[in-house]
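Sharing a structure, written as structure tokens. Questions coming.
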Amino acid sequence: MKITCISDTHTKHSELELPGGDLLIHSGDFMGSGYGLDDAVDFLNWFEIQDYTHKIFIAGNHDRIFEDNPEGMELVLGAYPTITYLQDSSCTIDGINFYGSPWTPEFCGWAFPIHNDYEDTEHWRKIPEDTDVLITHGPAYGKLDEITTPISLGANPGHLGSKALRLWIDEHNPKVHICGHIHSAQGVLDGYGEVTTHINAACLGEDYKYSNANKYIEWEL
């Protein structure tokens, strides 16, 4: 199965030209402020017509409407039967188990915040042990989680990923972990002692432009 991984498109999804294939995964932050239903529907309309057999997405910290109005968004998603939305939930495709979750360490009042170590641990305890592909908006601690270009949002330097998520991954060894959130940390960690392949699929750089090395990342399972 060939996976195309994207994340953090922030309303600029229409600028992407994707190759098509087996599975398209978006790991969150497709909206701007996250309040507007129009932004969400625009993304879903675009996502639905992409040339992939299967399409999975999760929300990110900018996608507030999925936290503020989950019942309403469930109704909206009913109009898109070819799209799978995961929020602390799983699906299986061709015998491969996927799990998706939007939570990230709290920052500036954005959506799906983790406030403390207890919450951090509790969120990731929900992941089924037989998960093959883990999709989270934020990275695991020490894995593609450092801002490498200057920004003006006041984020602290250093590792910004979840420590409890890192522990879960180290203990259970899913085949792949796909994330985004830290825009300038886009890339792939595979080999060199890595049991799990880590993919940060952020499309936009810290400047919110397509300034990263790749507009998308492809991976073969």
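Return the pair list, or none, for Cβ contacts closer than 6 Å from residues in segment 165-186 that are on the phi > 0 side of the Ramachandran plot to residues that are surrounded by fewer than 20 Cβ atoms within 10 Å (Cβ to Cβ) and in a strand (DSSP E or B), at least 6 apart or on different chains.
Asn173/Val195; Asn173/Thr196
For residues that are open to solvent by 70 Å² or more (accessible area, probe 1.4 Å) and out of contact with any Phe, Trp or Tyr (no Cβ under 9 Å at 6 or more places or on another chain), tally how many sit in segment 70-79.
First, pick out the residues of segment 70-79 that are open to solvent by 70 Å² or more (accessible area, probe 1.4 Å): 71, 74-75.
Still in the list and also out of contact with any Phe, Trp or Tyr (no Cβ under 9 Å at 6 or more places or on another chain): 71, 75.
So the count comes out to 2.
Working only within segment 202-221, note down all residues that are open to solvent by 60 Å² or more (accessible area, probe 1.4 Å) and closer than 17 Å to Gly60 by Cβ.
Within segment 202-221, Tyr208, Tyr216 qualify.
Something else now. List every residue pair whose Cβ atoms sit under 8 Å apart, with the two residues 6 or more apart in sequence or on different chains, where the first one lies in segment 131-150 and is on the phi > 0 side of the Ramachandran plot and the second, anywhere, is among the β-branched types (Val, Ile, Thr).
Pairs found: Leu144/Ile182; Leu144/Ile199.
With the requirement that a residue be assigned to a loop (DSSP other than H, G, I, E, B) and open to solvent by 20 Å² or more (accessible area, probe 1.4 Å), what does segment 10-60 give you? Break it down stepwise before answering.
Our first condition is that a residue be assigned to a loop (DSSP other than H, G, I, E, B); within segment 10-60, this holds for 10-12, 16-20, 27-36, 49-51, 58-60.
Thr11, Lys12, Glu17, Leu18, Pro19, Gly32, Ser33, Tyr35, Gly36, Ile49, Gln50, Asp51, listed by residue number.
Which of the residues spanning segment 80-112 are in contact with a Pro (Cβ under 9 Å, 6 or more places away or on another chain), part of a strand (DSSP E or B) and open to solvent by less than 20 Å² (accessible area, probe 1.4 Å)?
Passing the criteria: Tyr99, Thr104.
Which of the numbered conditions does Leu189 fail, given that it passes all the others? Conditions: (1) open to solvent by less than 20 Å² (accessible area, probe 1.4 Å); (2) assigned to a strand (DSSP E or B).
(1)
Sticking with this structure for a sec: Quick one: which residue in Ile127, Ile147, Ile178, Ile199 is modelled with pLDDT under 95, hydrophobic (A, V, I, L, M, F, W, C) and surrounded by 14 or more Cβ atoms within 10 Å (Cβ to Cβ)?
On the way: Ile127 fails: modelled with pLDDT under 95; Ile178 fails: modelled with pLDDT under 95; Ile199 fails: modelled with pLDDT under 95.
Among Ile127, Ile147, Ile178, Ile199, only Ile147 is modelled with pLDDT under 95, hydrophobic (A, V, I, L, M, F, W, C) and surrounded by 14 or more Cβ atoms within 10 Å (Cβ to Cβ).
The values are calculated or read from the model by the stated rules, or taken from the named source; none is laboratory data. Because the structure is a prediction, the values reported are computed rather than measured. Glycine gets a Cβ as well: all are built from the backbone with ideal geometry, and neighbour counts include every protein chain shown. All accessible areas refer to the heavy atoms of the entire protein, side chains included, with ligands and DNA or RNA removed. Shrake-Rupley method; radii C 1.70, N 1.55, O 1.52, S 1.80 Å.
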